[in-house]
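Worksheet: one structure, shown below.
What follows draws every value from the coordinates through simple rules; no lab data is involved. Note that the coordinates shown come from a computational prediction; the quantities given were computed from them, not determined experimentally. Here the Cβ is made from the backbone with ideal geometry for all residues, glycine too, and neighbour counts use every protein chain on show.
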Amino acid sequence: MRRFAPTIYVLTGMVIGGLAVACTAGANQPNMQAAFSSLQAARAELIQSRPNKGGHRERAINFVNAAISETEAGINYAGN
């Protein structure tokens, strides 16, 4: 069960992120929304990869999380 915990977190994040993007769909930002989806997919792949990367995997996950937050903030800002 422990092995699937990261997947559950990723799926939950994707649902929450999808809802956030859906709420701002009126802003019609297909490029930002595509980037948001790609970043979520990248995070899912990083989380599923083996953690034997000397800390680089964890740093990459943190950077992708930051990029997701900034992309979401940009979508929300432009939607106002």
**Message:** I'd like the Karplus ³J(HN,Hα) series for segment 41-58: coefficients 6.51, -1.76, 1.60, θ = phi - 60°, whole numbers in Hz, and an x wherever there's a Gly or Pro.
**Reply:** 5, 4, 4, 4, 5, 4, 5, 6, 6, 6, x, 9, 10, x, x, 5, 4, 5
**Sites residue 16 and residue 77, calculated FRET efficiency, Cβ-Cβ separation with R0 22 Å, nearest 0.05** = 0.75
**Complete:** Here the gain from full extension of residue 50 to residue 69, 0.36 nm per residue of separation minus their alpha-carbon distance, amounts to 4.4 nm
**Message:** I'd like to compare 35-44, 61-70, 48-57: which one has the highest average count of other Cβ atoms within 10 Å, and what's the full order after that?
**Reply:** 35-44, 61-70, 48-57
